[in-house]
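Enquirer: A single structure is presented below for examination.
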Amino acid sequence: MIWRKKNQYIVNEKGQKTAAIVPIEKYEEILEEIHDLAVVAERRNESTVPFHEIKKRLKKDGFL
């Protein structure tokens, strides 16, 4: 069963939204996505390895 709650927010004294309340599972998913994006950004200038070379290495090491 999927339980969908209405979005919840914290508001300031003027009624302006200042924060959102999200389920912990969703929060953890967001943190993981941010981490993945940070890793991609850090590695964007690294050289690449062709796919056929990766396959060759995996076969040599017994993973394929």
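The values are calculated or read from the model by the stated rules, or taken from the named source; none is laboratory data. Quantities reported herein were computed from a predicted structural model and do not represent experimental measurements. Cβ sites come from the backbone with ideal geometry, for glycine too, and all protein chains shown count toward neighbours. Surface areas here come from the heavy atoms of the whole protein model, side chains and all, with no ligands, DNA or RNA. Shrake-Rupley method; radii C 1.70, N 1.55, O 1.52, S 1.80 Å.
Enquirer: Where the accessible area of the chain is counted over protein heavy atoms with a 1.4 Å probe, how much of it, in %, is carbon and sulfur?
Expert: About 56 percent, which is the carbon plus sulfur part of the accessible surface.
Enquirer: Further question on the same structure: log10 I(q)/I(0), Debye, Cα-only the chain, no solvent, q = 0.26 Å⁻¹?
Expert: Each listed q corresponds, in turn, to -1.06.
Enquirer: Relative to the longest principal axis of the C-alpha atoms of the chain, give the angle of the C-alpha long axis of helix 51-60, reported between 0 and 90° and rounded to the nearest 10°.
Expert: Long axis of 51-60 versus the principal axis of the chain: about 70 degrees.
Enquirer: Do you know the Lys pair count in the chain for C-alpha distances under 25 Å, with sequence separation 8 or more or different chains?
Expert: 7
Enquirer: Further question: For the chain, which span is the longest to avoid every loop-located (per DSSP) member of chymotrypsin sites (Phe, Trp or Tyr not before Pro) having at most 16 other Cβ atoms inside 10 Å?
Expert: Segment 4-62 is the longest.
Enquirer: For Lys17, tell me the accessible area in Å² from a 1.4 Å probe, rounded to the nearest 10.
Expert: 140 Å²
Enquirer: With axes computed from alpha carbons, what is the tilt in degrees of helix 24-43 against the longest principal axis of the chain, rounded to the nearest 10 within 0 to 90?
Expert: 40 degrees
Enquirer: What does the accessible area per residue of the chain come to in Å², with a 1.4 Å probe and no ligands, DNA or RNA counted?
Expert: It amounts to 107 Å² per residue over the chain.
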